[in-house]
1. For segment 468-483, take each phi angle, set θ = phi - 60°, evaluate the Karplus expression 6.51 cos²θ - 1.76 cosθ + 1.60, and give the result in whole Hz per residue in order, putting x for glycine and proline.
2. List the residues, sorted by chain then number, that are 5 or more residues from T546 or on another chain and whose placed amide H is less than 5 Å from its amide H.
3. If I ignore ligands, DNA and RNA and count only protein heavy atoms, how much of C21 is accessible to a 1.4 Å probe, in Å² to the nearest 10?
4. When the solvent-accessible surface of protein heavy atoms is calculated with a 1.4 angstrom probe, in what order do V533, V257 fall, highest first?
5. HN-Hα J couplings of segment 68-81 from phi, Karplus 6.51/-1.76/1.60, θ = phi - 60°, integer Hz, Gly and Pro as x?
6. Search the structure for amide H atoms under 5 Å from the amide H of R580, placed 1.01 Å from N in the peptide plane, and list their residues when 5 or more places away or on another chain.
7. Can you list residues from other chains, or at least 5 along the same chain, whose modelled amide H is less than 5 Å from the amide H of I320?
8. Can you grab the distance from the C-alpha centre of segment 1-30 to the C-alpha centre of segment 232-291, Å, no decimals?
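The values are calculated or read from the model by the stated rules, or taken from the named source; none is laboratory data. Quantities reported herein were computed from a predicted structural model and do not represent experimental measurements. With ligands, DNA and RNA removed, areas are computed over all heavy atoms of the protein, side chains included. Shrake-Rupley method; radii C 1.70, N 1.55, O 1.52, S 1.80 Å.
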Amino acid sequence: MILPEKEYGSRVLHFIFLHECYHIRHRDTFYKLFLLLMQSLLWFQPFIYLLKAAGYRDVEVACDEAVVEGRDMAERKEYGAALLDCMEQARAEGQPYSAYFYHGKRMMKARISAIMTEEKKWDFVAFAAIFILLMDVVFCLWRVGERMYDRVLAEQERLQAEKYGYDENGKALDSIYDGYEMPACFSAEAIAEMVKLEPLSADAYSLEWQREDVYEEKEYDELPFAAKGPWQIRLKDADRYQDAVPLLLQRYLSYYVDQEWAAQWNPEESMYTLLESVSSRLLAGDKKEAVFAVIFRYYIGYKKEELMKFPEELLDRAQIAREKDGYYAYFNWTAKIRMVQDYVFELEGIAETEEVLRAYAEQELFEDVPVCDLVYGIDDVEAHILSDGAVSENAYQVDTGEGVLRVSGADGIFQEVPVSLEELYGRGDDMDGRLTSLQDGSYQVDEKKIVFAFGGSGAVPISVVFYEEESQSFRKSVVTENYFGGRKIYVDFPENSQEGFLIFTGERVVWQEATLLFHTTDGGKSWQRVTGVGPNVMTEGHSLTTGAVFINNRVGFLTIRDSERPEVWRTGDGGQTWERQNLPEAPEYYCMAYAPEEKDGILYLYVGMEEYSEYGGAKARYESKDEGRTWEYKGIVIRK
């Protein structure tokens with residue numbers, strides 16, 4: 001600090017040094033430097049000068065307030081007098097650029113006012129200046145962002161024009177569909193073009209793909225060919241011509257669903273599609289010209305209202321399924337593609353697979369390929385009650401959403417079932433772990449019977465809880481206390497509420513287990529063991545059970561896990577004896593059978609390639625019209 005050549009009193013010097021020390025402690029010099037730099041950068045903005053003046057003033061006022069904080073009025077007056085004395089010194093000697101503890105008349109008025117006021121007041125002028133400046137900054141940024149956005153749009157339009165061209169008015173096309181006709185879809189013309197190619201066996205594509213040196217390899221990046229328009233796709237691997245089908249089908253769906261997304265999507269960079277392929281099968285042709293039958297699904301949304309937004313053109317050709325994560329549209333279509341250049345494939349037509357197969361059958365071209373080998377369809381899974389409260393096809397419902405088991409009859413009124421979820425979800429087989437929902441087949445809720453089977457552990461014996469019509473209440477009964485290693489329980493009252501069957505499977509050793517049958521004729525009050533079920537009745541041991549069901553009081557079925565051929569056992573005398581069924585024309589690798597399902601007097605038996613997809617995926621379907629004595633193979637279907 002440089003002080004003027006003047007003698008000061010000790011109190012005045014004390015206040016001067018105290019004031020400047022507060023400036024140093026609060027680093028006010030940097031704050032003033034910041035305001036000065038902002039004024040230099042925003043010199044064109046008038047409000048910055050107001051803000052700088054208010055900022056300088058506030059620095060001095062804040063420093064003065066810090067000096068007099070906690071002092072009485074006498075000391076405040078003494079400090080104010082020191083300021084006035086310095087102001088007089090500056091006016092007398094005329095040295096405006098020296099540090100005379102003085103900053104002008106208006107500044108001094110503000111400082112004296114702050115010193116003599118014990119309560120702090122809001123500085124509305126300063127806040128107004130800050131607010132106006134911030135709004136100005138926001139406005140400037142908005143204008144800059146607007147200009148940048150316009151540049152981005154112009155660049156996008158340029159790129160779109162470069163990729164898709166211009167319309168007759170010189171405007172860049174914003175849709176890849178502009179100027180291109182739709183291929184022949186769902187017409188007799190499309191089907192006629194498809195059946196010109198002879199049908200192939202189910203493994204034709206995989207056999208062709210495994211052959212070596214079939215096609216001439218070329219460097220993809222050096223090829224002059226490019227896809228033109230929406231109905232052509234350029235692949236990086238020409239041998240995988242099957243990959244062009246879902247990409248072209250996505251383009252077709254996007255025409256109705258979201259053309260903007262399709263315009264931005266480049267399949268050469270990303271082969272990701274919004275459709276989920278469930279099954280794909282080469283029906284006819286080869287890489288040059290091919291017909292593919294494809295089953296796929298398209299996610300619509302979680303809310304039912306979103307179905308109304310889905311285009312009617314697609315809804316008319318889809319099967320809608322309500323699944324746990326929302327609604328899906330399932331499609332069973334056949335597409336014809338043709339290679340127009342190396343690595344470039346074009347969509348020439350789409351048709352319903354069922355109509356295409358019917359056209360193939362009418363031409364009698366299946367000398368070497370069984371007709372049933374080409375039958376692809378989509379089957380609805382019979383609605384079964386889920387533990388999250390899903391509704392079955394009838395009026396009866398089950399709910400476990402509030403931590404208790406509740407069930408409603410045909411009247412729709414819920415009643416609580418006197419059994420805990422811990423009992424229902426528990427079992428003795430530790431290898432499979434604890435259940436988190438009701439086990440499929442372990443309960444029956446319909447007009448014939450309301451019954452839940454559970455237990456099979458050391459803590460809970462094999463038991464049932466059922467609704468008794470006589471007492472109009474629920475009742476529990478123990479089936480047996482002899483078995484603790486329970487894995488699955490199946491219960492059926494197929495004809496009435498009095499005669500029923502319970503099949504227990506458990507006591508597993510590695511992959512072998514026992515299956516036992518129990519029978520009741522008094523509605524479930526008492527149970528009698530009948531016999532072992534299925535193979536090896538004497539030892540009661542076999543591979544793991546995949547399903548069990550009784551369709552009436554005489555006929556029942558048991559299906560067993562197998563890795564070679566379907567294993568299905570049938571009884572026609574209420575479980576006294578069991579006989580293995582021979583399924584005709586079982587396709588290769590389809591070996592995992594599940595318990596038959598009855599609908600309108602016909603039994604449907606499904607056989608898959610793996611164990612854990614009973615209600616989904618590709619299945620070989622069999623039908624029986626004589627209670628399972630004989631079975632007819634109907635082809636491969638997709639269950640949803």
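1. Whole-Hz 3J(HN,Hα) from phi for segment 468-483: 9, 5, 4, 8, 6, 8, 8, 9, 9, 8, 9, 7, 7, 10, 8, 10.
2. T559, I560, R561
3. C21 exposes around 80 Å² with every protein chain in place.
4. Most to least solvent-accessible, the answer reads V257, V533.
5. 8, 4, x, 9, 7, 5, 5, 5, 4, 5, 5, 5, x, 5
6. R570
7. Y330
8. Computed from Cα coordinates, the inter-centre distance equals 80 Å.
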